[in-house]
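There's a structure below that I have some questions on.
The values are calculated or read from the model by the stated rules, or taken from the named source; none is laboratory data. None of these values were measured; they are calculated from a predicted model. For neighbour counting, all protein chains shown are included, and Cβ atoms are generated from backbone atoms with ideal geometry for every residue, glycine included. Areas reflect the complete protein model, heavy atoms only, side chains present, ligands, DNA and RNA absent. Shrake-Rupley method; radii C 1.70, N 1.55, O 1.52, S 1.80 Å.
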Amino acid sequence: MLRGRFSRPLDRAALALSESTAEDRRLIRADLWGSRAHARMLGEVGLLPVPSARRLDRGLAALERAVAAGRFRLDPRLEDVHLNVESELTRRLGEDGERLHTGRSRNDQVATDLLVYLREALLDLEERLGGLVGALLAASTGPAGRASVVGWTHLQPAQRVYVGQILGTHALRFLRDAERLRSIRERLTDCPLGSGALAGSSLPLDRARTAQLLGFARPSPSSLDAVSDRDASVEALAALALFSVHASGLAEELVLGAMPEVGRVRLADPFVTTSSLMPHKRNPDLAELIRAEAAPALGRLTAHLAMLKGLPLAYNRDLQVGKPLLFEGVARAQLVLDVLTPMIATATFLPGRPAAPRPDAETSSVELVDRLVARGVPFRAAHGRVAKFLAGPSVAGRALRALPRDLLSGAFPELGPEELAFPPEEEEAELRTTPGGSSRRAVERLVAEIRRRRGASRRALFAERRRLARWRRALDRPFPPVRRYRSQAHK
Ligand code: ARG
């Protein structure tokens, strides 16, 4: 705890309210990376004697190993990750440790840590989303995907579609989520480090160098902005809120589809529960929990925005409250993905129960209307005639395809025998050949597009991981390194 000129320690409850060590464990790796970049730069520009900088670098590398081995615990009395690292380093190195904070503030440190953390978190989520998209694609292109079921609007029977289109459509939503996360990540280019508390520094810091060593493109252009900007956290929480809405929509369809009355999906044993009272039960609890996760995900976004609202420029301690919202948002999304992906991969998709042939379940009605329209009947008139006909006594609840031909031709004399023949139920989806429609060809195009975009996403994420690993390894090169470097180099 920093007490400086104060004579008394921070009040106990005040410390409890202000310390952030529990959540800060997610920032340790980022914090150590940032400190190694900073120490190296201090040595390179001559703000630290090279032997000091070298000892600091070794000390920080040793701390990285301690973290990896689970041997470094954050002490709540030291308030946050930054003071814990500095104090442990000073305990190990003495005076050199006290030199690390030269030209730096916890304000630019935490802003930098958050971006370094978020970059990794987004890559991880992009990869997990790719896994879910892959599982949905596999199910949509398998034999079950070729079955046709009644598609719903308002949860009422509408028109028949292939299961492959339904699953492919969920895949498309999650693919967009992954692309959204990637675009957020690709805009994490400006490094806050070197912005100090709010106004930069009078010391000759080389901000371009620390930006480079941390894998950023450039130093941030305003110190006032750099210490207060949490846009990336908000964007990530917004993208995760939307992802969780997509996940809850799929989860709801799994819950409905698993109802025996609907019979469209059977979830595998590891993803269902039973009842403590009713032995026959097979409950989709996990799908329900995923459906519910969207609620706190939306809450985290609004909580973070509300915390930021009205804050004056530069660092304010309120900002600390945003950290656990972000970390929890990431962790919950990871967990949802880790359940949803194998749940889809192990589910059995069934053809579903045939809809009872009732006028309100007659999915070929649109085709009949369209054929009248093709014969010149105005759409509204055609719609009205078909609706009346289906509800009339002569149909008596039978399906269009089961009606005697003369009954149909009596009601719709403008249609010839071919136009009054309806394909079997399973083939109805083939009739809608518009791009993006329900025909098999349109679904194949959908799947091909998802495959292509998913491939591009995966290549981008692995390329970024390799790039970051290169900069991370650059810190392990012999110290001091060459003095010259391309100061704006990013790639
Ligand atoms: N623990 C703080 C946070 O997470 C770090 C910055 C503290 N700065 C300060 N001036 N008290 O935001």
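Could you run through region 87-102 and say how many residues are touching a Leu at 6+ places or on another chain (Cβ under 9 Å) and either among the β-branched types (Val, Ile, Thr) or within 16 Å of the ligand (Cβ to nearest atom) (or both)?
4
Another question, then. List the pairs whose first member sits in region 88-110 and is at positive phi, whose second member is surrounded by 17 or more Cβ atoms within 10 Å (Cβ to Cβ) and among the small types (Gly, Ala, Ser), and whose Cβ atoms are under 8 Å apart, counting only residues at least 6 apart or on separate chains?
Once the first residue is at positive phi and sits in region 88-110, its partners that are surrounded by 17 or more Cβ atoms within 10 Å (Cβ to Cβ) and among the small types (Gly, Ala, Ser) give 103/194; 103/196; 103/201.
Here is a follow-up. So, in region 61-108, how many residues would count as being of a type outside the set (Gly, Ala, Ser), within 15 Å of residue 24 (Cα to Cα) and not in a helix (DSSP H, G or I)?
Within region 61-108, residues that are of a type outside the set (Gly, Ala, Ser), within 15 Å of residue 24 (Cα to Cα) and not in a helix (DSSP H, G or I) number 6.
Yes/no matrix, rows are residues, columns are (1) touching a Phe, Trp or Tyr at 6+ places or on another chain (Cβ under 6 Å); (2) surrounded by fewer than 22 Cβ atoms within 10 Å (Cβ to Cβ); (3) at pLDDT below 95:
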{"residue": "45", "(1), (2), (3)": "no, yes, yes"}
{"residue": "56", "(1), (2), (3)": "no, no, no"}
{"residue": "93", "(1), (2), (3)": "no, yes, no"}
{"residue": "110", "(1), (2), (3)": "no, no, no"}
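Among the residues in region 168-184, are any in a loop (DSSP other than H, G, I, E, B), touching a Lys or Arg at 6+ places or on another chain (Cβ under 7 Å) and not basic (Lys, Arg)? Don't jump to the end; show me each part of the working.
We begin by selecting, within region 168-184, every residue in a loop (DSSP other than H, G, I, E, B); these are none.
Looking for residues that are in a loop (DSSP other than H, G, I, E, B), touching a Lys or Arg at 6+ places or on another chain (Cβ under 7 Å) and not basic (Lys, Arg), one finds none in region 168-184, hence no.
Check whether at least one residue in region 124-146 is of a type outside the set (A, V, I, L, M), open to solvent by less than 10 Å² (accessible area, probe 1.4 Å), on the phi < 0 side of the Ramachandran plot and within 16 Å of the ligand (Cβ to nearest atom), and report yes or no.
No, region 124-146 contains no residue that is of a type outside the set (A, V, I, L, M), open to solvent by less than 10 Å² (accessible area, probe 1.4 Å), on the phi < 0 side of the Ramachandran plot and within 16 Å of the ligand (Cβ to nearest atom).
Which residues, taken from region 187-242, are open to solvent by 10 Å² or more (accessible area, probe 1.4 Å), free of Cβ contacts under 8 Å to residues at least 60 places away in the same chain and assigned to a helix (DSSP H, G or I)?
207, 231, 235
In region 5-26, is there at least one residue being more than 14 Å from the ligand (Cβ to nearest atom), part of a loop (DSSP other than H, G, I, E, B), among the acidic types (Asp, Glu) and at pLDDT below 95?
Within region 5-26, one or more residues are more than 14 Å from the ligand (Cβ to nearest atom), part of a loop (DSSP other than H, G, I, E, B), among the acidic types (Asp, Glu) and at pLDDT below 95.
One residue is enough: does region 349-369 have a residue meeting the conditions within 16 Å of the ligand (Cβ to nearest atom) and either closer than 30 Å to residue 427 by Cβ or part of a helix (DSSP H, G or I) (or both)?
Keep residues of region 349-369 that are within 16 Å of the ligand (Cβ to nearest atom), which gives none.
Among the residues of region 349-369, not one is within 16 Å of the ligand (Cβ to nearest atom) and either closer than 30 Å to residue 427 by Cβ or part of a helix (DSSP H, G or I) (or both), which makes the answer no.
In addition: Considering each residue of region 311-328, count those that are open to solvent by 70 Å² or more (accessible area, probe 1.4 Å) and assigned to a loop (DSSP other than H, G, I, E, B), and give that number.
Going through region 311-328 one residue at a time, the tally reaches 2.
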